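This report refers to the structure that appears directly beneath it.
The values are calculated or read from the model by the stated rules, or taken from the named source; none is laboratory data. This structure is a prediction, so every number in the text was calculated from the model and none was measured. Using ideal geometry, Cβ is built from the backbone for each residue, glycine included, and neighbour counts are taken over all protein chains shown.
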Amino acid sequence: MMRRLILHIGPHKTGTSSFQHWLRDNADAFATAGLVLPLDLLNANANGAPLAHALLAAPQDRTAEQTDLFDRFARLCAAHPDTSVILSAERLSRMLLVDGSIRKDLDPSEDNTRRLRAAGHLHNAVSELGFDRIDLLVLIREQAGFLTSAYVQKLKTMNARWDLGARGLDDFPVQRYKESFQRLSDLGFHVVAAPYRAPDTSRPLSERLMAMAGFDGPLKGRVTYDAPRENVSPGYLTMIGLGHVFWHIETLSPTLDARSLTLLRRRLFAITRAENVEADSPLILFAPDRAARIAARQRHYLNGVAPWAQGMTGADIAGSFPAHGIQSPLSRDHLDRRERQRVDHWLRRISAQVERDDRLRHLIDRTTLTDLDASPPGVHSAPQRSAPCLGGIWAAAAPDGRRPGAQALQTPEFDHNPRPNEATS
């Protein structure tokens, strides 16, 4: 039986955390199917990021901690000479997949060189441990859905905002996988690609990933796959409420040092994530015509994946993407009376919990917090010209002038046709 190292590399916003929890909960059952999860080398959430860093580094560049991790991993592999090993770390996708963005942790002039060098280190390290093959499991999410999910994640954690309109698609991942797949294949990796949301929605994500790894058969009857989870992400009404809350702490709360501001955001996140607005519906951030342009551009980057990746072809993956629905209301001005009442009721519940928090009640004005009309109507992101994105009219209202409004109002066009310098990428 071929001995493989199976690396689930995400990428970001494709159910990685859920899969890692499932791996942790079923680790004991894997051994009877010829598979090992190095649980002792992972963090509490079964995320293999620290070990992934050790595998990506050249031996002479590893820190003492990374060297210790690698040595422990080598001993585990030696103790299971006939067994495959599985590891999940979405951090690997940031170093192995070219996504069209310049990461802050890389020197832009050496971007691709460092990616290839890291991939080479990984392949060499794993080959020395006696594996016959390295499998990379990659899930590809349709771009508009990815951007929506990432935007929700940023705003609901009260940490940052994404000026989607100002930044444009070139600044976001999930684009140029064809180039990455070819280079990884040339290095000896076995890439298996599939869509994040499968046409057959009855199969849980964990089951589909184990099928991509070729272990759905050996694990049959040994593990329980999670049923597809109900989407509990904030809907469009909750996002309008969250935009108001975030505006409040950014513009009205006292000036805080970095540590106090982090604490404030964490406490607010803990309160607001506990419940969504009643009878909320999923957020659809992009208008259908904009979503169609985004999808057309993504298909361009997926075209031709077949020669270098196993599993579904790029055309099949693009063809499986769900149709985009009608754009959600993105401002309080677009809500009907009942929707507005539900957001107001949610804000009152949040305010009541703030009042019970000894620290927060001194930093937040509850009267303003419960008054949705106190904030500008455009504090919620709208990536189109007709409604400024987060940072646009927000900037005009902020008393300290911290928001670069002019830049945020510049929304690039998303064309069906690739730009001249993209056609050969």
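If you check I102, I86, which single one turns out to be part of a loop (DSSP other than H, G, I, E, B) and either of a type outside the set (G, A, S) or modelled with pLDDT of 85 or more (or both)?
After applying the criteria, what remains is I102.
If a residue must be of a type outside the set (D, E, K, R) and assigned to a helix (DSSP H, G or I), how many such residues does region 269-309 contain?
The qualifying residues number 14.
Being closer than 28 Å to A279 by Cβ, touching a residue at least 24 places away in the same chain (Cβ under 8 Å), part of a loop (DSSP other than H, G, I, E, B) and not polar (S, T, N, Q) is the filter here; which residues of region 310-358 pass it?
Scanning region 310-358 gives F321, P322, H324, G325, I326, P329, L330, L335, D357.
Taking into account only those residues within region 299-329 that are aliphatic (A, V, I, L, M) and touching a Pro at 6+ places or on another chain (Cβ under 9 Å), which is modelled with the lowest pLDDT?
Restricting to residues being aliphatic (A, V, I, L, M) and touching a Pro at 6+ places or on another chain (Cβ under 9 Å), the top hit is M312.
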